[in-house]
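Participant: Can you read through this structure? Questions will come right after.
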Amino acid sequence: MLIAAAILGSFAMLGAGLVGITYENTKDRIAANEKAFLLRTLNEMVPAKAYDNDIYSDKIVVHSKQLLGSDQGLTIYRARKNSQPVAAIMTAHAPDGYNGTIKLLVAVDLAGQIGGVRVLSHKETPGLGDDIEVERSPWIEQFYGYSLNAPGTQGWKVKKDGGVIDQFTGATITPRAVVKAVHRALIFYFLNREALFAPADAIREIQSPHKTGTR
């Protein structure tokens with residue numbers, strides 16, 4: 001039994017060592033791939049020619065559970081051209097998806113119009129709720145050009161609830177959750193537009209109906 005335990009222990013240590021070596025050899029490549037994917041996604045919403053700063057590095061972390069859907073810090077990327085604000089790409093969560101939280105990116109230009117919305121991750125039902133993915137359906141592209149005033153408070157709902165935004169055939173919970181999250185992100189942007197583009201070390205507080213800090 002002692003010999004068998006020693007053999008098993010040796011295999012366990014060997015396995016752990018191989019996992020550690022593999023991680024060390026691949027972590028930089030994984031990080032680079034994740035960065036490249038994020039930059040492609042950001043550029044789908046804010047074209048690269050529209051800004052000249054390092055959009056990946058020009059970012060802040062904010063906290064607003066009520067409007068951005070998470071009590072954790074969420075990243076906001078800032079696009080600028082000639083040092084002037086162009087757009088903010090906000091990370092937002094829809095906590096009331098059918099199968100859990102839907103994580104989004106919401107791009108809003110300086111005038112308050114949406115430049116694009118993309119899904120970062122979700123657990124919605126394959127073949128139905130996953131139509132929120134731009135690779136599967138153009139549904140999420142309908143937000144382009146919307147603002148708080150267009151379509152207005154009543155319009156910011158799916159059609160089944162009296163709004164102007166399409167839902168999926170046979171599914172309402174998923175699109176309803178996304179619409180609510182995008183609308184709340186717009187409200188957050190409206191309340192904090194000037195602060196969002198301030199230098200990170202100059203920001204003291206982000207406003208919301210319940211004040212929330214940023215760092």
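Participant: Have a look at the DSSP beta bridges in region 51-202 and tell me what percent are antiparallel, nearest 5. Kindly include the intermediate steps, with their values, before the conclusion.
Facilitator: On the way: 26 of 28 bridges.
The antiparallel proportion sits near 95 percent.
Participant: Just to verify a number: FRET efficiency for Ser121 and Ile3, C-beta to C-beta distance, R0 = 41 Å, to 0.05?
Facilitator: Details: r = 46 Å, r/R0 = 1.13.
Rounded to the nearest 0.05, the efficiency is 0.30.
Participant: Which FRET efficiency value, to the nearest 0.05, is calculated for Ala198 and Asn99 with the Förster distance at 35 angstrom and r the Cβ-Cβ distance?
Facilitator: Details: r = 37 Å, r/R0 = 1.07.
After rounding, the FRET efficiency stands at 0.40.
Participant: Then there's this: Using the alpha-carbon centroid of each, what span in Å lies between region 128-176 and region 44-92?
Facilitator: 22 Å
Participant: Suppose the chain between Phe190 and His63 were pulled fully straight at 0.36 nm per residue; how much longer would it get relative to their current alpha carbon spacing? Numbers along the way, then the final one.
Facilitator: Numbers: separation 127, 0.36 × 127 = 45.72 nm, distance 1.55 nm.
Difference between extended and current length: 44.2 nm.
Participant: What spacing in nm lies between the two simple spin-label points modelled at Glu133 and Glu34, each 7 Å away from Cα in the Cβ direction?
Facilitator: Those two pseudo-labels are separated by 1.9 nm.
Participant: Between their Cα atoms, which of Lys49/Lys123; Lys35/Lys59; Lys59/Lys103; Lys81/Lys180; Lys160/Lys180; Lys65/Lys157 are more than 22 Å away from each other? Intermediate values should be presented prior to the final figure.
Facilitator: Working: Lys49/Lys123 33 Å; Lys35/Lys59 14 Å; Lys59/Lys103 18 Å; Lys81/Lys180 30 Å; Lys160/Lys180 14 Å; Lys65/Lys157 20 Å.
Distance filter (> 22 Å) returns Lys49/Lys123; Lys81/Lys180.
Participant: How many nm is it between the label spots at Asp161 and Glu141, if each spot is 7 Å from the Cα in line with the beta carbon?
Facilitator: 2.5 nm
Bear in mind these aren't lab numbers, they're just calculated from the coordinates by the rules spelled out. Given the structure is predicted, the values throughout are model-derived calculations rather than measurements. We place every Cβ from the backbone using ideal geometry, glycine too, and count neighbours over all the protein chains shown.
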